[in-house]
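As structure tokens, the structure follows; a few thoughts come after it.
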Amino acid sequence: MEFKKFKAATVQTSPVFLNVEKTIDKAISFVQEAASNGAKLIAFPEVFVAGYPYWNWVMTPVQGSKWYEELYKCSVTTEDEDMLRLYQAAKDNDIHIVIGVNERGNSYGEIYNTNLIIDNKGKLIGRHRKLVPTWAEKLTWTSGDGSSLKVYDTEIGPIGTLACGENTNTLARFTLLSQGELIHIANYISLPVAPPDYNMAEAIKIRAAAHSFEGKLFTIVSCSTISKEIMDALKNDVPNIEELLTRKNSAFSGFIGPNGAVIGEPLIDEEGIVYADIDLAKCIQPKQMHDILGHYNRFDIFDLRVNVAPTRKITFIDNHEEFNKK
């Protein structure tokens, strides 16, 4: 049995706000940089393509409606030309990519918060749609379904992903663990508008450590930052936007090992890219202590059932005789 070793990269930065083409250009530049430094996996923030709906937190729903329309106009499908450029970059640089996008749904005006998993051959191997938009995010995104709660086998190991607050959902996390997840991508956005006593960076670290320690795996965290460009775009509607969206300890990006400890130096608030060496063999010994997928559980007592069927919005039934005649 082969135990994978590889270098991983994670990015903490802002998108080019509501500009898909330039944000993909920015992503590709990070992909090239990471690959040149030997990375075989790179993680990008939640809805990196191409922006987070901060207006939901600082405007009324009516005020934010025009911004929702702008976000929908720059949402993407997985077949868009700009996305194809990103897939090609993964292939050209022999690197796996996990990246958040605003994905356009089939219903006109519908948007999903989606993480894409792209392998080093340039193939889109999976997408996870956020199951429950968090708090004010319900003004923007449609909920995903259980069909995207999957772990994907890759050349570097089994990868799973959850977006932001989903990483507090014990049942969602266990669903990924039960499928053999060893590399977990948890991506976030910087949230300065959290309650005054809430340390966002510390909360992100706690969530990542909990998943790594419970599941005995590696968690890679990528969080976005808020650029002056984003604040300037919203300033006409919210004059004190800089005060609302500027706060220390709002972003954390880095790596957590199977023992729940941070690997290396994480990025807190600062933009950049950091690296870590991942050795999946280190997931073995901690399982001897408590393997919640094996000897340290009682599946005769606990029974988790997960509906992985895609949501069906309508079922057409034709039982009229005229329509059934040939």
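Computed quantities for the displayed model
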read-out: Compactness of segment 28-137 as Cα Rg over 2.2 N^0.38 Å, two decimals; value: 1.15
read-out: Two-site label geometry, PHE3 and ASP300: point separation in nm, points 7 Å out along Cα→Cβ; value: 3.2
read-out: Fraction in percent of alpha-carbon pairs per bin - 10 Å, segment 271-318; value: 16, 21, 22, 24, 13, 5
read-out: Stokes-Einstein D for segment 66-124, Kirkwood Rh over Cα pairs, 4 °C, 1.567 mPa s (µm²/s); value: 108
read-out: Residue-span extension gain [ASP92 to ASN236] - 0.36 nm each, minus C-alpha spacing; value: 47.7 nm
read-out: Inter-label distance for ASN169 and GLU229, nm, one decimal - labels placed 7 Å from Cα along Cα-to-Cβ; value: 3.1
read-out: Charge dipole of segment 242-289 about the Cα centre (unit charges at C-beta), most positive-ward option of GLN285, ALA261, ALA251; value: GLN285
read-out: Fraction of accessible area attributable to carbon and sulfur, the chain (%, probe 1.4 Å); value: 52
read-out: In Å, descending, principal axis extents of the Cα set of segment 188-326; value: 68, 56, 29
read-out: Probe 1.4 Å, protein heavy atoms only - accessible area per residue of the chain in square angstrom; value: 48
read-out: Spin-label pair TRP135/ASP80, simplified geometry with 7 Å Cα→Cβ offset, distance in nm; value: 2.7
read-out: For segment 197-263, fraction of C-alpha pairs farther apart than 18 Å, in %; value: 49
read-out: Cα gyration tensor category, rounded, prolate or oblate, for segment 1-67 with a/c compared to 1.5; value: prolate
read-out: Whole-Å distance, taken between Cα centres, linking segment 55-82 and segment 193-218; value: 27
read-out: Hydrodynamic radius by Kirkwood, which averages 1/r over all alpha carbon pairs of segment 128-264, in angstrom; value: 16.0
read-out: The chain - Rg and Dmax from Cα coordinates, angstrom; value: 20.3, 71
read-out: Solvent-accessible surface (1.4 angstrom probe) belonging to VAL76, in square angstrom, nearest 10; value: 0
read-out: Cβ charges +1 (Lys, Arg) and -1 (Asp, Glu), total dipole of segment 150-251, debye; value: 200
read-out: Computed accessible area, ILE118, all protein chains, 1.4 angstrom probe, square angstrom; value: 0
read-out: Binned Cα-Cα distance frequencies in segment 96-154 - 5 Å width, integer %; value: 4, 19, 26, 24, 14, 9, 4, 0
read-out: Span-rule helices in the chain, defined as complete DSSP H runs reaching 15 Å or more along the axis (Cα) with Kyte mean at least -0.5; value: 20-36, 200-215
read-out: Reach of LYS130 by Cα under 15 Å, taken over aspartates and glutamates that are not fewer than 8 positions away in the same chain; value: GLU46, GLU103, GLU110, ASP145, GLU166
read-out: Percentage, to the nearest whole number, of Cα pairs in segment 70-201 over 25 Å apart; value: 29
read-out: Above-threshold pairs, the threshold being 31 Å between Cα atoms, out of LYS73/LYS150; LYS287/LYS313; LYS73/LYS123; LYS121/LYS216; LYS22/LYS138; value: LYS287/LYS313
read-out: Among ILE24, ILE185, ILE111 the positive-end extreme of the charge dipole of the chain (Cβ point charges); value: ILE185
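The values are calculated or read from the model by the stated rules, or taken from the named source; none is laboratory data. None of these values were measured; they are calculated from a predicted model. Every residue, glycine as well, gets a Cβ built from its backbone with ideal geometry; the counts of neighbours run over all protein chains shown. All accessible areas refer to the heavy atoms of the entire protein, side chains included, with ligands and DNA or RNA removed. Shrake-Rupley method; radii C 1.70, N 1.55, O 1.52, S 1.80 Å.
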